[in-house]
Amino acid sequence: MANFKINISKRLGEMLVLNSFITREQLNEALEDQKKSGLKLGQILIEKGFITEKQLLEFLSKQFAIKFIELSNLDLSPDIVSLIPESIARRYNLIAIKKDQNLLSVAMIDPLNIVVLDELKLMTGFNIEPIFSLEDDISSAIEKYYGNKSSQQALDEILKKTQSDESDEELSLIEKKDDEKDDIISLENKNEAAPIIKMVNIIISSAIKAHASDIHIEPSYKETKVRFRIDGVLHPQPPIPKKFHNAIVSRLKIMATLDISERRIPQDGRIKIRLMDKEIDLRVSVLPCVFGEKIVMRILDSSGLKLRLDDLGFEPENLAIFSKCIKAPHGINLITGPTGSGKSTTLYSALATLNAPDVNISTIEDPVEYNLDGINQVSVNTDVGLTFASGLRSFLRQDPDIIMVGEIRDFETMSTAITAAMTGHLVFSTLHTNDAAGSITRIGMMGIEPFLTSSTLLMIVAQRLVRTVCTACREAYEVQPELITGLGAPKSLIDQNLQNGKLILYKGKGCDRCTGTGYKGRVGIHEILEVTDPIRKLIIDKADANQIKDIAKKNGMVTLRESAIRKMLMGLTTVEEIIRVTGSDVD
């Protein structure tokens, strides 16, 4: 939880230790991090996974005699919500939930902030009863009760203030280019901004607050469609009249410092914004289509980046293999999977685990997604000849210990990576293949000799992300064990999860917190092929991917499908999600 700012005394840590919420070792580790980052202790404890936000708030609720409420269980009155202006609700992440004569109850993430409480009292004329609540619940409630109104107001302003001639609006936006001096663009407090600017800001901020990974702005024949990719699935948003499409594209191009006069070729750029005290990067891609230019923005929020290996969803046996291979003195570790499967997060987590003052780590990426302190990161620039292969060759002259190559696409890059591994370097990279064993076939197709592959590969990790069941609306149901066996689950695994002879699974029925989908968040599923002596022999003998996979499974490899089934039996995901994500992983 990135903005957890509760001003409590330094005794918090000691109180949590005394009440057995955290250990002394965890407190000391968090205090050390606090010295470096300056963040609140509660925020650090949550980000490290030592305590959940709910546990901490319930504990503080008892300590300070302040109520704790889960907003996802409440239906609020719009009349009461409107007692606090939207700008104040968003700035401090709070919402009015109940009114009793002269007392207004307000759900907050920081009920101990006296300054905010005084401001609310002066603004509303009510005495304020502060209440602890989860940050995500408050954000969802703000979007539910304020969001639609804001979008409609902005659209109404556009319809009233913008002339039908698109070029006039476009010119007014071009003229604003010289006024944008800051590298970081703030999306808040823009109430007086031009209507088009306001609409663009609302689209971006709404996507970020919905925890979307991508924003799609797509022109069609009659309208401009807007879709957010949330937890790997696209969700349509209210469409925008087509006549404003060019003005929106121009605004985004200005923000990304792209050529607004060029509409015939694709363009790529970057926007750095500030929202709710967080700095967020947007990777912008513009593509000319039949009805106009389509824009896709990838949202890179470093505050949501999980860098602890324990947070990635590894099964215990997979985590043991992964930890062993990333700490090897030399060799190649490959992560494989489609776009959006979490490969970059896994790589960053491995590098963060290995990062130390006595280790020299260099990465070449296309582009650099997140900045990691203490690691030398380089972006690919094909215009000047800086490719994965050329960057990797340069790294070898920089005395590195560990090298990360964003992606291996060709013989030259793979050959250089093998050379690096054979000369005592530890190399990390990614491939685009469907499973772990298929990566060995892909390397062979690049023209690499089998003996080189077998002597340098340490492990291949195939991974995907499955949506997790929303905890706010999760409900249990019974299923026949035979149905799960049909998915490929070992009978022994099912027997371990029977409760009084019954197999209980979970699904979300849909609520405001998960926007009716039944899912909230994602977790990784993994297939780790450790290159042991039997696998090396198969590689040298040029065995096909199926033979390699069969032997690996006999030696204990957990497949993607089995990893997903384990998550389902733990109550984390659903049968439907397993079929959607691992449909191709069937024997």
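Bear in mind that the values in this text are calculations on the coordinates, not laboratory data. All figures in this text were calculated on a predicted structure; none of them were measured in a lab. No Cβ is skipped: glycine too gets one built from the backbone with ideal geometry, and neighbour counts run over all protein chains shown.
Over all pairs of different C-alpha atoms in the range 282-430, the reciprocal of the mean inverse distance, the Kirkwood hydrodynamic radius, equals 16.5 Å. Angle of helix 195-209 to the longest C-alpha principal axis of the chain, folded into 0 to 90 degrees and rounded to 10: 50°. To the nearest ten degrees, helix 560-569 and the longest principal axis of the Cα atoms of the chain are 50 degrees apart. Relative to the longest principal axis of the Cα atoms of the chain, the long axis of helix 316-326 lies at roughly 70 degrees. Unpaired cysteine residues in the chain (no second Cys Cβ under 4.7 Å): C289, C325. For the listed residue pairs K144/K222; K54/K509; K507/K567; K35/K67; K54/K324; K98/K507, the alpha carbons are over 24 angstrom apart in K144/K222; K35/K67; K54/K324; K98/K507. Once the C-beta distance of I540 and K99 is scaled by a Förster radius of 60 Å, the resulting FRET efficiency is 0.20 to the nearest 0.05.
For the range 493-579, the mean projected area of the C-alpha convex hull, equal to one quarter of the hull surface, is 7.5 nm².
When the distances between all Cα atoms of the range 431-564 are binned every 10 Å from zero, what whole-number percent does each bin get? The percentages, shortest bin first, are 11, 31, 26, 19, 11, 2. Considering the chain, its Cα convex hull presents a mean projected area of 30.2 nm². Sites counted here are GluC sites (Glu not before Pro) in a DSSP loop (not H, G, I, E or B) having no more than 13 other Cβ atoms within 10 Å; the longest part of the chain that contains none of them is 263-587.
Once the chain from K35 to R11 is taken as fully extended at 0.36 nm per residue, the excess over their C-alpha distance is 7.1 nm. Here the gap between K502 and Y477, fully extended at 0.36 nm per residue and compared with their Cα-Cα distance, gives a gain of 8.0 nm.
Charge dipole (Cα centre; +1 on Lys/Arg Cβ, -1 on Asp/Glu Cβ; no other charges) of the chain amounts to roughly 740 debye.
With an 8 Å cut-off on Cα pairs and a minimum separation of 6 or more residues, tell me the relative contact order of the chain in percent. Taking the mean separation of contacting Cα pairs over the length of the chain, I get 9 percent. Between the range 439-472 and the range 293-361, the C-alpha centres lie 13 angstrom from each other. Taking every DSSP beta bridge that has both ends in the chain, the antiparallel portion is near 65%.
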